1. State the number of residues belonging to the range 294-335 that are part of a loop (DSSP other than H, G, I, E, B), closer than 24 Å to Val482 by Cα and aliphatic (A, V, I, L, M).
2. Working carefully through the options Asp278, Asp272, find the one that is within 27 Å of the chain's Cα centre (by Cα) and surrounded by fewer than 17 Cβ atoms within 10 Å (Cβ to Cβ).
3. Suppose the filter is free of Cβ contacts under 8 Å to residues at least 60 places away in the same chain and charged (D, E, K, R); does Glu78 pass it?
4. What number of residues within the range 184-195 satisfy the criterion of being under 22 Å from the mean Cα position of the chain (by Cα), under 24 Å from Gln261 (Cα atoms) and surrounded by fewer than 20 Cβ atoms within 10 Å (Cβ to Cβ)?
5. Can you pull out every residue in the range 57-106 that is among the charged types (D, E, K, R), over 29 Å from the mean Cα position of the chain (by Cα) and assigned to a helix (DSSP H, G or I)?
6. When you go through Leu230, Leu238, Leu287 one by one, which is the residue that is assigned to a helix (DSSP H, G or I), touching a strand residue (DSSP E or B) at 6+ places or on another chain (Cβ under 6 Å) and not aromatic (Phe, Trp, Tyr)?
7. Let me confirm something: among Ile210, Ile198, Ile181, which residue is outside any strand (DSSP E or B), surrounded by 16 or more Cβ atoms within 10 Å (Cβ to Cβ) and touching a Phe, Trp or Tyr at 6+ places or on another chain (Cβ under 7 Å)?
8. Do we have Ala392 as under 20 Å from the mean Cα position of the chain (by Cα) and among the small types (Gly, Ala, Ser) here?
Amino acid sequence: MKYIELFAGCGGLSLGLQAVGFENIMVNELSPMAGETYAYNFYNEDLSQPDFLEKKDPHTVWLSSKYSLDNMSLRLREDPREYPDLKSTYSFSDVNNLDSIRHKLIIGSIKELNQVLKSSPSMLKSINDADVVSGGPPCQSFSMAGLRELSNDRNTLPWEFMQFVKLTHPKIAVLENVSGILRAFRSEGKPYYAWFEIAKGFAALGYVPICLHVNARFAGIAQNRNRFILIAIRFDTLSQQLHSFNDIELSLIKPYFSFYQNIESSKTVKFDDIKVIDLTKGTDTNLVNTFLAPFFEYKENNFTVKDVIDDLKALDNLYGKKSKYLEFIESSLKTLPIISKDYLQNHDLRANSLPVKRRFRIYQVLNKLESSERKEVFDFLKGRSEILSEKAVNKLLEFDFLLLDGSFGKLSNEKEITMFFRQHLTKKHSQKALIPEMPAPSALSIPDDVCHYDESELRTLTVREMARIQSFPDSFVFKSKVTTGGKMRKFEVPQYTQVGNAVPPILGVAIGKVIKNILN
């Protein structure tokens, strides 16, 4: 089956889809930093090297840039918000003279790409045999951890996705997004459900939209990562397949089928007409025999953080003693293993100061407290309270901390505990230590999100460790700068962000299997 990926990022979804036999015929990504990683891993093109400029027909092309091709270093750091209009005299475009964009990675805006395809029948024809169009539009404005702005420009991107689907008319469209898209915005005093409006949009295009809420952990990754996935099946394709579905599958599809028919016949639809199928808390055993089965195929695996990254610890030499988790990734994605740690990329340790390490040790200790005690101590660290209860103090006295002189030891009494913790107050809201016996939390996109669980590893995770948690194989190389900050965070997509924003490849495998189940 052939697919096109939009909002591709570094390529997590592509990695999963290709592992189960899908052929990519075109890719679009806005960020040149994420595009650099995609080009390196899927097309063997190192955009930062001079020999890329010597290629006669490269896979990687820019829709529009302020910089000419021989200024590649500037292109790779260009702010996508400042890409010039294609008609501008200041625009350098690599696609103006192309009749075909097949097997191209197109760096640029999906909005501009849609305009190009509308005006160039030959380009559109070169990709009109796609079975699937997939993608995850940027989700910050939908995220519960973000600003949740209804008027945010990024909220128009799902509609640009649908515009591309309208142009290419694939059998199936797959839209992946954060769980926050399921929560209502307030608009003029009324609730506005983005997922429901998107489902209506696909139905208006002639697709039956099946809406799902899945936990990637049940598909095999060692992370509690809930995601919204909309699988829109073209009406004629679904009609031809109806005879092959069993009774349970038909009962799942029926509300969405009716929803599509009502919109197609211009009838009024209500929010209650369809529900999101929730697979995040396990599932009815009956669904094991449906096309949705890949989303909980590994529900009983229960991989933990320790299973994932224990062999990557700086002070141990465990690499090479392959864990079952790494074997699972490599076999699922059909990738070759890295034999020696000497060749492992993206595993550079970040320097943390002694005060930061002391705070990391505090986070590790917090994981060993009961939830009420943990909340009390964290409120103290945040400055929301000024005293610690006797119960909390007595519990803290049991543990070793990294002391001011750099040694490990216990604190002696309430006064020492209180003083020590006041010296390590923090404004960070979500920073925590990983729990080795548990899956990782969902928020992993910047180095400060979490620290290591081992007291001898008082540090943030490396890019490679975060990538492992996201189910990337060790052979997948992340390019561009490692991290960023300040105003540049608004447009730069460094390695840590590439990992955090990616669709986990193993979840991509499950999505691919579900699509194949539907079409077969």
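The values are calculated or read from the model by the stated rules, or taken from the named source; none is laboratory data. Being a predicted model, the structure only gives us computed values, none of them experimental. Glycine gets a Cβ as well: all are built from the backbone with ideal geometry, and neighbour counts include every protein chain shown.
1. Number satisfying all stated conditions: 2.
2. Testing whether each residue is within 27 Å of the chain's Cα centre (by Cα) and surrounded by fewer than 17 Cβ atoms within 10 Å (Cβ to Cβ) leaves just Asp278.
3. So Glu78 fits the description; yes.
4. Of the residues in the range 184-195, 1 are under 22 Å from the mean Cα position of the chain (by Cα), under 24 Å from Gln261 (Cα atoms) and surrounded by fewer than 20 Cβ atoms within 10 Å (Cβ to Cβ).
5. Asp70, the sole residue that qualifies.
6. Among Leu230, Leu238, Leu287, only Leu238 is assigned to a helix (DSSP H, G or I), touching a strand residue (DSSP E or B) at 6+ places or on another chain (Cβ under 6 Å) and not aromatic (Phe, Trp, Tyr).
7. Being outside any strand (DSSP E or B), surrounded by 16 or more Cβ atoms within 10 Å (Cβ to Cβ) and touching a Phe, Trp or Tyr at 6+ places or on another chain (Cβ under 7 Å) holds for just one of Ile210, Ile198, Ile181, which is Ile181.
8. no
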